[in-house]
Amino acid sequence: MNSSKPRLVIGMTGASGAPYTIDLLETLKDLPIETHLVISDGAKRVIAAEMNQSSKDLERLASVVYDDRDVGASIASGSFITLGMVIVPCSSSTLAKIAHGIGDTLTTRAAHVHLKERRNLVLVPREAPYSRPMLEAMLKAFDAGARILPASPGFYHAPQEIADLLGFVTARILDQFGIANTRARRWKDKPALEDAD
Ligand SMILES: Cc1cc2nc3c(=O)[nH]c(=O)nc-3n(C[C@H](O)[C@H](O)[C@H](O)COP(=O)(O)O)c2cc1C
């Protein structure tokens with residue numbers, strides 16, 4: 001793909017939370033951003049368990065799709081310029097690998113490249129409760145330059161439906177990259193007229 005749009009790399013790994021990835025991809029489809037998606041085998045298994053769609057349906061939402069085994073793909077190189085990378089959801093396994101500099105898949109290699117290039121890397125872990133290894137990995141990844149943005153939507157924007165909870169997380173992710181969006185109402189934003197009672 002040869003476009004002048006800024007590129008965002010999106011990794012999807014095997015934690016519960018495929019709806020977050022779908023919401024992010026659908027939101028980005030309407031924005032001037034090129035999306036580069038890589039889905040781990042673990043994520044494919046979770047998609048099958050929790051969604052009514054396949055990873056192929058999800059791939060249609062992205063500009064470019066990569067095989068997680070292809071560690072020589074463009075996003076594995078620092079010379080491929082991006083706005084940054086988000087891994088949503090980020091499994092405890094992928095988090096641990098990133099924290100320890102392991103790049104045995106395209107997702108973990110691309111994450112490592114974003115850290116070494118000092119580009120934005122946002123990790124969206126989902127687990128409950130967190131184990132000590134996971135907490136330590138989060139701190140290590142944070143110290144290496146990643147931002148830890150847990151999949152834990154707030155409730156102060158009075159969500160009415162699941163889409164509102166997904167939108168909260170999508171908006172927080174896009175904010176990390178400075179991507180202007182209106183996916184969620186912001187604190188002290190006035191409600192839209194049609195929402196007012
Ligand atoms: C249905 C299902 C749900 C899972 N949910 C989680 C989860 O919420 N968080 C997590 O860290 N791992 C979860 N796992 C385990 C990961 O998928 C597993 O550790 C996998 O090896 C991660 O590999 P990946 O990081 O390459 O995708 C789940 C697995 C399955 C099958």
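The values are calculated or read from the model by the stated rules, or taken from the named source; none is laboratory data. A quick note: this is a predicted structure, and the numbers were derived from the prediction, not measured. Cβ placement follows ideal geometry from the backbone for every residue including glycine, while neighbour counts extend to all protein chains displayed. In case anyone asks, the SASA skips ligands and DNA or RNA and just uses the protein heavy atoms, side chains included. Shrake-Rupley method; radii C 1.70, N 1.55, O 1.52, S 1.80 Å.
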> Counting each DSSP H run of 4 or more residues in the chain as -39500 (n - 2.57), what helix-only mean residue ellipticity at 222 nm follows after dividing by all residues, to the nearest 500 deg cm²/dmol?
Replying inline: -11000 deg cm²/dmol
>> Taking the solvent-accessible surface of protein heavy atoms with a 1.4 Å probe, what is the per residue accessible area of the stretch 7-195 in Å²?
In response: 49 Å²
> Taking the chain as a Gaussian network, where each spring joins two C-alpha atoms under 10 Å apart, which residue of GLU161, GLU34, GLU136 fluctuates the most?
Replying inline: GLU161
> Quick one: how many Å² of HIS112 are accessible to a 1.4 Å probe, rounded to 10?
Replying inline: 70 Å²
> How far apart, in nm, are two points set 7 Å out from the Cα along the Cα-to-Cβ line at LYS56 and at ASP41?
Replying inline: 2.0 nm
> Check ARG7: other-chain or 5+ apart residues with amide H under 5 Å from its amide H, H built from backbone geometry?
Replying inline: GLU34, LEU83
> Can you work out D for the stretch 1-81 in µm² s⁻¹ from Stokes-Einstein, where Rh is the Kirkwood radius over C-alpha pairs, the temperature is 20 °C and the viscosity is 1.002 mPa s?
Replying inline: 163 µm²/s
>> For a quick check, take a GNM of the chain with Cα springs below 10 Å and name the residue from ARG109, ARG132, ARG69 with the largest mean-square fluctuation.
In response: ARG132
> Along the Cα-to-C-beta direction of ARG118, a point sits 7 Å from the Cα; which residues of the stretch 79-100 have their amide N less than 19 Å from that point?
Replying inline: 79-85
> So what are the radius of gyration and Dmax for the Cα set of the chain, in Å?
Replying inline: 16.3, 55
>> For SER152, SER74, give me the order by solvent-accessible area with a 1.4 Å probe, most accessible first, ignoring ligands, DNA and RNA.
In response: SER152, SER74
> Looking only at ARG186, ARG147, ARG118, which one moves most when the chain is put into a Gaussian network model with springs between Cα atoms under 10 Å?
Replying inline: ARG186
> Per Stokes-Einstein, at 37 °C and 0.692 mPa s, what whole-number D in µm² s⁻¹ belongs to the stretch 73-170, with the Kirkwood radius over Cα pairs as the hydrodynamic radius?
Replying inline: 232 µm²/s
>> Only helices at least 18 Å long along their own axis, judged from Cα atoms, and with Kyte-Doolittle mean hydropathy of 0.5 or greater: name those in the chain from DSSP H.
In response: 162-176
